[in-house]
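Comments concern the structure below.
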Amino acid sequence: MEGVKRGTGYLSLTMVVVVLMCAAVVMVPGVSATRWTVGANMGWTTNVNYTTWAKDKHFYNGDWLFFVYDRNQMNVLEVNKTDYETCNSDHPLHNWTTGAGRDVIPLNVTRHYYIISGKGFCFGGMKLDILVENPPPPPSSPLNNTNSSPRLISRGKIVLPMVFAIGAVWDTFLRFW
């Protein structure tokens, strides 16, 4: 009889821990990074005005720039402001070209990013200047935020699978306990 009491106490403690974990997951604010396809449908190519493409967008710390281009002709180089303005690709800060024509730049520092394509394409307009900022703070009250749907949807993409995973672990625990 004493073993049953210890088992019940352990089961109650485990249940409390699981409930607290679920509560912590639900309380985590919804954060969603954006993967920006540079140039949208046109990609990273000539005859696209990347200044116009970027002007109405907000780039935040944690976002990604995704470059799609002809890997045999173009590249993706990060340069300083002077080299950006003069289209000098001789000394890039970082060569993001992987050779696949599908390159990603993580925007993980709040600063200006100056991106060009070397091999002469920069002179044809293949250059991008963006400012990465910290994301705005979450709204203080969900009731005052009329545009909270995307945030809740992105939060659901994380929370629901975690709840199901915790439930599966809990179910397995109960079956073998």
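The values are calculated or read from the model by the stated rules, or taken from the named source; none is laboratory data. In this text the structure is predicted, and so the values were computed from the model without any measurement. Every residue, glycine as well, gets a Cβ built from its backbone with ideal geometry; the counts of neighbours run over all protein chains shown. Surface areas here come from the heavy atoms of the whole protein model, side chains and all, with no ligands, DNA or RNA. Shrake-Rupley method; radii C 1.70, N 1.55, O 1.52, S 1.80 Å.
Go through 128, 101, 61 and say which Cα lies farthest out towards the positive end of the charge dipole of region 35-133; charges sit on Cβ, +1 for Lys and Arg, -1 for Asp and Glu.
101
Full extension from residue 90 to residue 33: what is 0.36 nm times the residue separation minus their Cα-Cα distance, to one decimal in nm?
The residue 90-residue 33 span can extend by a further 17.3 nm.
Residue by residue through region 114-126, which ³J(HN,Hα) values in whole Hz follow from phi under the Karplus form 6.51 cos²θ - 1.76 cosθ + 1.60 (θ = phi - 60°), with glycine and proline marked x?
Coupling constants for region 114-126: 10, 10, 9, 10, x, 6, x, 5, 4, 5, x, x, 7 Hz.
What do the square roots of 5 times the Cα gyration tensor eigenvalues come to for region 35-133, in whole Å, largest first, as semi-axes of the equivalent ellipsoid?
Semi-axes from the Cα gyration tensor: 18, 15, 13 Å.
Could you rank 140, 32, 89, 117 by how accessible they are, 1.4 Å probe, largest area first?
Largest accessible area first, the list is 140, 32, 89, 117.
Express in nm, to one decimal, how much length is gained between residue 52 and residue 66 on full extension, taking 0.36 nm for each residue of separation and deducting their alpha carbon distance.
That works out to 3.3 nm of additional length.
Stretched out fully, how many nm does the piece from residue 110 to residue 123 gain, at 0.36 nm a residue minus the Cα gap?
Gain on extension, residue 110 to residue 123, equals 2.0 nm.
If the only charges are +1 at each Lys and Arg Cβ and -1 at each Asp and Glu Cβ, what is the size of the charge dipole of region 35-133 around the Cα centre, to the nearest 20 debye?
So the magnitude is around 180 debye.
Per residue, how much accessible area does region 35-133 show when a 1.4 Å probe rolls over the protein heavy atoms, in square angstrom?
Dividing the accessible area of region 35-133 by its residue count gives 53 Å².
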